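Only one structure is covered here, and it is reproduced in the block below.
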Amino acid sequence: MAYAVTWLASASRTTTQTSADIDTASARSLTVTLDVTVAGTGSITLTINRKDPASGKYILILAGAAVTTAVTNTYKVTPGEIAAVANVSAVDVMPNFIQFVVTANNANAMTYSVDYELEDVAH
């Protein structure tokens, strides 16, 4: 079974956005969609982090490439069903908690949304 969530609805933003901790529960894989509809002269980078339960620190799992155009990008984290591709996919087990960060690489506005889907172990 999978479930989809909209983390950031489509809106114009100029600052870095950081999610609260996301409980992955029994998820086996993660798909994140970044949909940029108005790029202007902005630039953003999406990263997916794991939360270390002992220290509470966030550790990078996957960093997308800087996005400067109106485009839809998909990022995937899964334990071995795909090839790892720089800036696109990571072969890794899902941690208990993850975090998303969309870094504003400059102060120029971009309109975008971020959705994610978690697929559980039963699939």
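Read-outs: derived from the displayed coordinates by stated rules, not from any lab. Bear in mind that the values here come from a model prediction, so they are computed numbers and not experimental data. Using ideal geometry, Cβ is built from the backbone for each residue, glycine included, and neighbour counts are taken over all protein chains shown.
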Which labelled figure in (i) 1.03; (ii) 1.11; (iii) 1.38 is Cα Rg over 2.2 N^0.38 Å, once derived from the coordinates
(i)
Taking R0 as 35 Å, what's the FRET efficiency between Thr41 and Thr6 from their Cβ-Cβ distance, rounded to 0.05?
0.85
Compute the distance from the alpha-carbon center of segment 53-110 to that of segment 1-45, in whole Å.
10
